[in-house]
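A short worksheet on the structure shown next.
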Amino acid sequence: MVGKKIILAVTGSIAAYKAAHLVRLLVKNGAAVQVLMTPAATEFITPLTLSTLSKRPVFTQVIAEHEWNSHVELGLWADALVIAPATANSLAKLANGLCDSIVSAVYLSARCPVFFAPAMDLDMWKHPATQANVQRLKGYGNHFLPVGYGELASGLVGEGRMAEPEEIVAFLADFFQEKQDFQGKNVLVTAGPTYEAIDPVRFIGNRSSGKMGVAIAEQFAERGANVMLLLGPSKLSAKHPNIQTVRVESAQQLYEAAMQHFEKADISVLSAAVADYRPAVVAEQKIKKKGDNMTIELEKTPDIAASLGKMKRPGQFIVGFALETNDELQNASEKLAKKNFDFIVLNSLQDAGAGFNFDTNKITILHRDNKRKDFELKTKAEVARDIVDEVAGTVSSSEFRVSS
Ligand code: C5P
């Protein structure tokens, strides 16, 4: 659960008192927890309790004190939405797409998996209307934690108890456990921009944040690979223990690191935005201001991707990237062939929210046989999963060179 972003939506049932324990357990397991409550839930447990435990403000309304809590942003932020306890009323509303609270608005906006932990009295649970709502919600791809059997708040005994917080956390942890389809594979990822020194204080750089490459490294690592991340000057860092990071600054340093680590790599993903040119001479002292114009002579940097493409042996796999502003497909397809990639990921600069420094991206994957896949605008974590899935789908494990 480490680093997972969970929205916990609490609705109005007496089981809401268990939400405090659930928040505590999720936080203890390393998750970031954002709590939402319906007004009815606040009658059972205070927002103050849950905000103190989650260390974040709790949202109870879409519009609160002239502030708008963006349900769309919340829906995009989350890795999972957990509705616990989910009352009969909430199930009925969500099954029918009603949107009259922060919980229902976020539910409709969420792209992440949604988990329901229903809680109600036994007859309410058994009622065909409730059961029909559950079936409908399941039909939309939502996940349900089984209700427990036992004593209910009414004093009746039967089915309808909310799953225990420990069970909910175990269910989520199980769900997040990635398939280990890259177990034992060595993966090399280049990421981030490069800085090409002009003098001791100035450089030529670009706006790459490194987000896409770091997300790809994390995705491979979660799926069992040993990842060597060659990261340019980026504010980000990778967290997963399967990732070893080597920090570089210039194209030359990235080239040297890539040359050193390529031999061992079963898969290389070259997502770094490498400078194509660098100052031919780096001034030893800070360059003084003189005259109205100045010229810096630039020379070509080594093309890392093309060099690795030439060195590629059977069984090694290379994914390249392209960011084009014109004749996108034509240029990307030429690069794919010229640099000997196995497939190329074309980043769109045409779509709002895609490209450098955004949290979202929109890609097209082009294969050597001209097969082309267009993807929707997604978060970079989702795009990373699509790219890694595409690697897994393109290379069956048997074709991999056995790692030494
Ligand atoms: O030629 P262009 O820079 O558009 O190619 C992009 C691809 O080549 C990316 O995968 C990028 O990481 C890689 N590249 C590289 N070394 C360079 C330039 C680009 O590895 N000097």
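Annotations for the structure displayed:
- In the set Val274, Val269, only one residue is under 19 Å from Gln183 (Cβ atoms), touching a residue at least 60 places away in the same chain (Cβ under 8 Å) and touching a helix residue (DSSP H, G or I) at 6+ places or on another chain (Cβ under 7 Å); that residue is Val269.
- Single residue of region 269-285 satisfying the filter (over 18 Å from Asn347 (Cα atoms) and of a type in the set (Gly, Ala, Ser)) that is nearest to the ligand (Cβ to nearest atom): Ala280
- Residue within region 67-77 that is within 28 Å of Glu151 (Cα to Cα) and either open to solvent by less than 10 Å² (accessible area, probe 1.4 Å) or more than 25 Å from the chain's Cα centre (by Cα) (or both) present: no
- Any hit, region 10-30, residues being open to solvent by less than 10 Å² (accessible area, probe 1.4 Å) and in a strand (DSSP E or B): yes
Okay, residues lined up against (1) farther than 18 Å from Thr364 by Cβ; (2) more than 8 Å from the ligand (Cβ to nearest atom); (3) free of Cβ contacts under 8 Å to residues at least 40 places away in the same chain; (4) surrounded by fewer than 14 Cβ atoms within 10 Å (Cβ to Cβ):
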site: Glu299; (1), (2), (3), (4): yes, yes, yes, yes
site: Ile304; (1), (2), (3), (4): yes, no, no, no
site: Lys312; (1), (2), (3), (4): yes, yes, yes, no
site: Phe317; (1), (2), (3), (4): yes, yes, no, no
site: Leu323; (1), (2), (3), (4): no, no, no, no
site: Ala332; (1), (2), (3), (4): no, yes, yes, no
site: Lys335; (1), (2), (3), (4): no, no, yes, no
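- Among the residues of region 214-235, not one is within 11 Å of the chain's Cα centre (by Cα) and hydroxyl-bearing (Ser, Thr, Tyr).
- Of the residues making up region 240-250, those that are under 17 Å from Val269 (Cα atoms) and either open to solvent by 60 Å² or more (accessible area, probe 1.4 Å) or part of a strand (DSSP E or B) (or both) are Ile243, Gln244, Thr245, Val246, Arg247.
- Residue count for region 44-77, restricted to those that are modelled with pLDDT of 90 or more, hydroxyl-bearing (Ser, Thr, Tyr) and under 24 Å from Arg111 (Cβ atoms): 2
- Qualifying residue in region 186-193 (condition: part of a loop (DSSP other than H, G, I, E, B), away from the ligand (no atom under 12 Å from the Cβ), at pLDDT 95 or above and in contact with a Phe, Trp or Tyr (Cβ under 6 Å, 6 or more places away or on another chain)): no
- Enumeration of residues in region 386-404 that are aliphatic (A, V, I, L, M), part of a loop (DSSP other than H, G, I, E, B) and at pLDDT 50 or above: Val395
- Scope region 118-128; condition touching a helix residue (DSSP H, G or I) at 6+ places or on another chain (Cβ under 8 Å) and either closer than 18 Å to Lys5 by Cα or not hydrophobic (A, V, I, L, M, F, W, C) (or both); matching residues: Pro118, His127
- Screening Gly184, Gly205, Gly232 for residues that are in contact (Cβ under 8 Å) with a residue 24 or more places away in the chain and open to solvent by less than 20 Å² (accessible area, probe 1.4 Å) leaves exactly one candidate, Gly232.
- Subset of region 78-91 (residues that are open to solvent by 20 Å² or more (accessible area, probe 1.4 Å) and modelled with pLDDT under 95): Asp79
- Those strands (runs of 3 or more DSSP E) of region 71-163 in which 1 or more residues are touching a residue at least 24 places away in the same chain (Cβ under 8 Å) occupy 80-86, 114-118, 157-161.
The values are calculated or read from the model by the stated rules, or taken from the named source; none is laboratory data. In this text the structure is predicted, and so the values were computed from the model without any measurement. Every residue, glycine among them, receives a Cβ derived from its backbone with ideal geometry; neighbour counts consider all protein chains shown. Side chains included, ligands, DNA and RNA excluded: accessible areas come from the protein's heavy atoms. Shrake-Rupley method; radii C 1.70, N 1.55, O 1.52, S 1.80 Å.
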